[in-house]
1. Hey, what's the Kirkwood Rh for segment 248-344 if you take every pair of different alpha carbons, in angstrom?
2. Ordered by packing density, taken as the mean number of other Cβ atoms within 10 Å over each peptide's residues, highest first, how do 135-147, 340-352 rank?
3. Report D for segment 310-410 in µm² per second (integer): Stokes-Einstein, Kirkwood Rh on Cα pairs, 4 °C, 1.567 mPa s.
4. Along the Cα→Cβ direction, 7 angstrom out, place labels at residue 182 and residue 67. What is the inter-label distance in nm?
5. Viscosity 1.306 mPa s, temperature 10 °C: Stokes-Einstein D of the chain from its Kirkwood Cα radius, in µm² per second?
6. Can you tell me what the convex hull of the Cα atoms of segment 180-280 projects to on average, as an area in nm²?
7. At a Förster distance of 25 Å, what's the computed FRET efficiency of residue 42 paired with residue 227, Cβ-Cβ distance as r, to 0.05?
8. Quick check: pseudo-label points 7 Å beyond the Cα along Cα→Cβ at residue 364 and residue 342, how many nm apart are they?
């Protein structure tokens, strides 16, 4: 690899022992990626802050012992548990202490304890064309696709090395050629698919992820005026079903107008295929008991809280059905201090922070369905939690929460 002066200085320890260790690891990573040189990044988002075992702590503690500090603004992704509400945790009790320790170690390195999978909703956002090192699948696809910034797929530990050095290999989605579409997908409209919008974008994401199989798709037919929350849902579900890291939506996303599609294979997504995705993610029968509604995967935005507040207005939740919404500490604080959201509190909604409920077990009922509006939750929840999960519209979720059972079959 061709090393610049800053790279040689980092390797020589001129920026400290922690940066030297991180850069040594990044050089090996860059060689494995086939990169020819390094580039500077403007920010990082760390996924390794989610506790998976002793190695999570050991890796970070080594950099703390070496007196390391991040060299770019660095935020933290979700944790394995909501330490703010330990009484809601239904998993191993020792996990709470280990997660607290891991978060504190990252803070000692200078990381901001945002503990959200959607930092793009409230924090300073990367600009179009800006290079960053972000981990967490939905964050990667959102900033690549919706914001037009550039990050490759960074996993646990590589992301922290990037933050400690401010450098990454010029590889993957940092490069122009990797961002060009490899497939054009013609999408049916919500009307043609016969789906409301809050199911449509999850279903389209699920199909796009499976169809593109990790390649970059160019999407024709995404409804004009699609909101950031709708694009968030599309990208998050696609990243779950098929490793989607970047999509170009015609007339919507920043780079779409600049992307050549001549000669790119074109495929049509049929309405039946989209509806089949819903059938796959919603295996629920009318009358089945509902243990909980879990929303906010990815984390809920203020706009989504406002929509939920309207949806529960004047309604009463069944005592046996819990309802949880995951979001960031910042957005939770704003919702909890705003009297206009009193309808949420009256309905008995619990706001989970620092984590997502498809990861952290919070549902107390050990039997019954979990309903969600999130394609990502519906895809991962059964495997992670060992529970049956059904994807539904927000309106059906709330009606089912009122009844304590599924109000109509999928």
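1. Hydrodynamic radius (Kirkwood, Cα pairs) of segment 248-344 is 17.6 Å.
2. On the way: 135-147: 25.2, 340-352: 17.5.
Going from most to least packed, we get 135-147, 340-352.
3. 91
4. 4.6
5. On the way: Rh = 22.0 Å.
D, rounded to a whole number, is 72 µm²/s.
6. Working: hull surface 22.3 nm².
Across all orientations, segment 180-280 yields a mean hull projection of 5.6 nm².
7. 0.45
8. 2.6
A short reminder: the numbers here are calculations on the coordinates, not readings from a lab. No experiment lies behind these values; they were computed from the predicted model shown. FYI the Cβ positions are ideal-geometry reconstructions off the backbone, even for glycines, and counts take in every protein chain you see.
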